[in-house]
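Beneath this line is the structure, given in structure tokens, with notes to follow.
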Amino acid sequence: MSDIIRIWVEISHQAAFRSGGWAFVRAEGSALSGAAGGERSASPDRIALAGLLEAFTDLPPNAAVEVLSATPGIAGAGRRVSEIEADQGAENLELWARLSAALKARPIRFSAAANQPRTPTAFAIAWAELARDKAKTRPFRAAIPKVNLMKAGVPA
């Protein structure tokens with residue numbers, strides 16, 4: 001596939017409950033997919049890593065990927081991987097190792113995205129908030145229905 005796969009990934013974390021949610025919208029040509037999930041007792045960093053890893057699941061080998069996010073921890077994940085590899089005492093080391101492997105498997109570019117109404121970023125944030133709220137009682141993961149994805153505002 002010569003087209004770039006675009007993935008919008010966002011998180012929502014509530015410090016009081018230490019619960020967080022993630023969501024992504026993936027555009028592969030004209031095909032859209034997405035999922036949302038969350039967990040309790042997790043840091044924002046862990047939620048961001050979990051969301052990124054879920055977004056990279058089932059990507060075609062060697063596919064070029066652009067990750068767009070308004071979440072600074074996600075937009076800066078590419079450059080943080082090398083810093084974390086040097087710091088063996090970092091939290092969530094197993095997730096960072098999986099992310100590092102995923103980044104080495106394909107060309108990936110991380111970009112900041114603006115949180116504006118009717119955009120994939122705003123759509124992913126809304127689903128991340130829903131996942132965060134559902135994760136307050138138990139771990140949560142669900143695919144975003146295709147009918148809902150059509151409202152994500154993905155540019156053609």
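Overview of values
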item	result
Chain lengthening between THR137 and ALA101 when straightened (0.36 nm per residue, less Cα-Cα)	9.8 nm
Note, ³J(HN,Hα) from phi for the stretch 110-127, Karplus 6.51, -1.76, 1.60, rounded to Hz, x at Gly and Pro	9, 9, 7, 10, 8, 8, 10, x, 6, 10, x, 5, 4, 4, 5, 4, 4, 5
Cα gyration tensor, the stretch 102-156 - rounded (a/c under 1.5), prolate or oblate	oblate
Gaussian network model of the chain, springs between alpha carbon atoms under 10 Å - residue of GLY21, GLY34, GLY78 with greatest fluctuation	GLY78
The chain - share of DSSP beta bridges that are antiparallel (%, nearest 5)	70 percent
Listed residue (ASN148, PHE110, TRP96) projecting farthest to the positive dipole end of the stretch 5-149, Cβ model	ASN148
In the stretch 1-49, the chymotrypsin sites (Phe, Trp or Tyr not before Pro) that fall in loop regions by DSSP, at most 16 other Cβ within 10 Å	PHE17
Relative contact order %, the stretch 1-54, counting alpha carbon pairs below 8 Å whose residues are six or more apart	36 percent
Cα gyration tensor shape of the stretch 25-66, rounded if a/c is under 1.5, else prolate or oblate by comparing a/b with b/c	prolate
Estimated dipole of the stretch 1-154 in Debye, rounded to 20 [Cβ of Lys and Arg +1, of Asp and Glu -1, Cα centre]	420 debye
For the stretch 5-149: rounded, prolate or oblate by the Cα gyration tensor [a/c cutoff 1.5]	oblate
Relative contact order of the chain, defined on C-alpha pairs under 8 angstrom at six or more residues apart (%)	35 percent
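Only the coordinates and a few stated rules stand behind these numbers; no lab work does. As the structure is a prediction and not an experimental result, all values here were calculated from the model. Because the Cβ atoms are built from the backbone with ideal geometry, glycine has one as well, and the counts that use them run over all protein chains shown.
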